[in-house]
Amino acid sequence: MNRRDRKVERIPKIMAPINSLEGAVRVIHAGADEIYCGVALPSKFKNFFLYRGPGASPSQVSTYDDLGKIVEYAHRYRPRAGRRDVRRVEAVLVVNEPFMSEAMESEVKDHIRSCLDTGVDALLIGDMGVFSIVKDMGVHVPLYASTYFASMNHESTEFFRKLGFSRVVLERHLTIHEISEIVNHSKVDIEVFCHAGGCSNINTSCYFYHIHIPPGIEKHLGSYFRDRERVVGPCSMDYEIYDVSNGDKICKAPILDAITECSLCYLQALVSTGVTGIKIVGRCENVPTQERYTRWYRELLDLITRRNYQLKPEILREKIDSTIKEFEGSQVFCKQKRCYFSPLFNVPYKSFIS
Amino acid sequence: MKFSVHVENDLEMLEEAIDSSCDRIRFGSEFCDAKMPSLSVLEKAFALTEGAEKDFAYVTPRVSESTLGEIHEQLNFLNKKRKIGVVVNDFGILSILKRCHGLTPHLGRQMIHVPARCPWLKTEIKDVVFSPLRTISRTKLVRSGEDIYSQTNLNYEPTIRFFKDLGVKGVDLDWIPKCFPHYDFIANNGLDLSLHLHLVPVTITRKCHTARFLGEKSPQTCSKPCKTRAFLLERKEFNLQLFLHGNTVFSLVNPSRKDLERSLRINVAEFVITMNPVTKILGREKIDSLIGQVKAIIT
């Protein structure tokens, strides 16, 4: 069986985000094949974070004890009857801040050791310094290359495979065709993001650190905030736009806003690329949201990949439509075509303005 | 110390750069694979530069699967020439270069993480609460002299060793004076420092903000309006000014005399001057004037 044939047979795992034991229990029952989480560093650097971790933010599991309970629960859980290709739910530890310095070394080493003691199944790594630490420690769990390495081609995925990574998470800004080509040419497992947090910019090169918006100010900031009153990156803000050549003001618009949210309509195409995992963003979300996202993708994926069953397009459409109805804000997202894997030059904010 | 001029993909600009007093030409797209020169343009650029007896370095962006074939062709062409530096912003390209013994990898800015590129770390934002600013500026980290936000991910010896083992000889860094003391660590561990004089990349996208704003439909058909156009993006209440050029948002810095003097304390191998609509350095006169000013301060 060649690689293309294997793609047809492959059912991607669903990777669900958690930040608590309760979240782990709920997403696992909702159908997650894997859970992923980070843990806050315990001492000196607990406040240091660039994006989401390893600082002490709500997106992190609070303590190593909590992580231990989460891992134990995941490993004890047995999938419901009929679920294929899953032996047990695995817990992946996120140590993927794209940063390491001499000052942080000993604390990060202790951190990784404490996490490994809980029995986590794999480490997600996003920096060569962290990778060096892990190699130096002789860690025996699988290593996954984070999206912070911004892999966008098979030379990159193969580079990481040869270094010892068994899975590579691709950059978000890729088309279905590009993903398919990368899978075709890679000998390593390929994982992609599928829901929430479809950033306007390439994650690893983005220094638009997110801003916490106090109540009342969001209406002044930009179009996206008018519908979603929560923390969103400054890429969604309105900007006064001037032409550099003559200084003329052109307009005020959220010119940097290209956020995407959902790939339910693209899931069938995504499965056909042969990716081994689809990842839901949302370590900073509340538990019901984490559970809901996981359930949507589980149900739709089970429908799409059901064996010995000819899925009719109208049945698939009906299922997608009923799922989207549950999605808070979906009217706006769908109208603006804020879809993962939509054309790269999509202009969601313009449809809102018009 | 050398002065390089970076020209993206424009032979007319290249001729201006070659006519200037710079020591070295950097040619190619740093941030956008849709804007990479074709093989024939690269061949012309190399021939022009070689004819003028200036050093040549090829600048490469992150590349998608769609443009990987082009990069292979280009690197094969350059590999047959004399020893040439290639600025690398993609692990895939770094991997290809292991097979090209005539080419020397030099880490590009997308391979380096520098938290201080965040504009809010230097901007007082009164109306919003920015978490890292709130937490970090008041933590013991700063007070203890371990200002982690001014460091880079190369401030860790094993990381430098990892890249050196792959043949990397140097690294591109931004003009962020508060980071200079930490750049010294990188130089002391054996990497040549190339300092960009004006533009600090704040964020980069493949969903090109310029192209989307101007109605381009896809990277394949993009007319590359960024060759001549750039935009100033402003939020006055946050005292925030950013520049959008193509798929990249920059903050613009103008090196002061004091900071140029500070840069002397670190071992800078190369100053990089970028020709584009944001720096407004578009011709030989401006390049020569700038090089003259910098030389007057540093010599």
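A few comments on the model shown:
This table checks each residue for (1) within 14 Å of another protein chain (Cβ to nearest Cβ); (2) assigned to a helix (DSSP H, G or I); (3) in contact with a Leu (Cβ under 7 Å, 6 or more places away or on another chain); (4) not charged (D, E, K, R).
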position	(1), (2), (3), (4)
A:97	yes, no, yes, no
A:100	yes, no, no, yes
A:104	yes, yes, no, yes
A:120	no, no, yes, yes
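- Residues of the range B:228-268 that turn out to be within 12 Å of chain A (Cβ to nearest Cβ), part of a helix (DSSP H, G or I) and charged (D, E, K, R), as a count: 2
- Check on residue A:112, surrounded by fewer than 24 Cβ atoms within 10 Å (Cβ to Cβ), part of a strand (DSSP E or B), out of contact with any Cys (no Cβ under 9 Å at 6 or more places or on another chain) and more than 9 Å from chain B (Cβ to nearest Cβ): no
- Count of the range A:193-241 residues which are at the interface with chain B (Cβ under 8 Å from one of its Cβ atoms), in a loop (DSSP other than H, G, I, E, B) and at pLDDT below 75: 4
- Residues being assigned to a strand (DSSP E or B) and touching a His at 6+ places or on another chain (Cβ under 9 Å) are represented in the range B:59-70 by at least one member.
- Those residues of the range A:147-170 which are assigned to a loop (DSSP other than H, G, I, E, B) and either crowded, with 24+ Cβ neighbours inside 10 Å or of a type in the set (Phe, Trp, Tyr) (or both), in sequence order: A:150, A:152, A:153
- Subset of the range A:323-354 [part of a loop (DSSP other than H, G, I, E, B) and either within 28 Å of residue A:303 (Cβ to Cβ) or within 20 Å of the chain's Cα centre (by Cα) (or both)]: A:327, A:328, A:329, A:336, A:337, A:338, A:340, A:341, A:342, A:343, A:344, A:346
- Screening the range A:231-271 for residues that are aromatic (Phe, Trp, Tyr) and surrounded by fewer than 20 Cβ atoms within 10 Å (Cβ to Cβ) and picking the one that is farthest from residue B:241 (Cα to Cα) gives A:266.
- Leading residue by the ranking (surrounded by the fewest Cβ atoms within 10 Å (Cβ to Cβ)) among those in the range A:273-305 that are at negative phi and part of a loop (DSSP other than H, G, I, E, B): A:286
- Residues considered: A:68, A:82. Of these, the only one that is modelled with pLDDT of 95 or more, away from every other protein chain (no Cβ under 14 Å) and either more than 16 Å from the chain's Cα centre (by Cα) or assigned to a loop (DSSP other than H, G, I, E, B) (or both) is A:68.
- Any pair with Cβ under 6 angstrom, 6 or more apart, that starts in the range A:125-147 at a residue that is at the interface with chain B (Cβ under 9 Å from one of its Cβ atoms) and ends at one that is at pLDDT below 95 and surrounded by fewer than 17 Cβ atoms within 10 Å (Cβ to Cβ): A:133/A:109
- Restricting A:171, A:181 to those that are at the interface with another protein chain (Cβ under 9 Å from one of its Cβ atoms) and more than 19 Å from residue A:13 (Cα to Cα) reduces the list to A:181.
- Long-range neighbours under 6 Å by Cβ, at least six apart or interchain, first residue on the phi > 0 side of the Ramachandran plot within the range B:150-167, second surrounded by 18 or more Cβ atoms within 10 Å (Cβ to Cβ): B:167/B:105
The values are calculated or read from the model by the stated rules, or taken from the named source; none is laboratory data. Predicted model only: the values in this text are computed from it and were never measured. In this analysis, Cβ positions are derived from the backbone assuming ideal geometry, glycine residues included, and neighbour counts consider all displayed protein chains.
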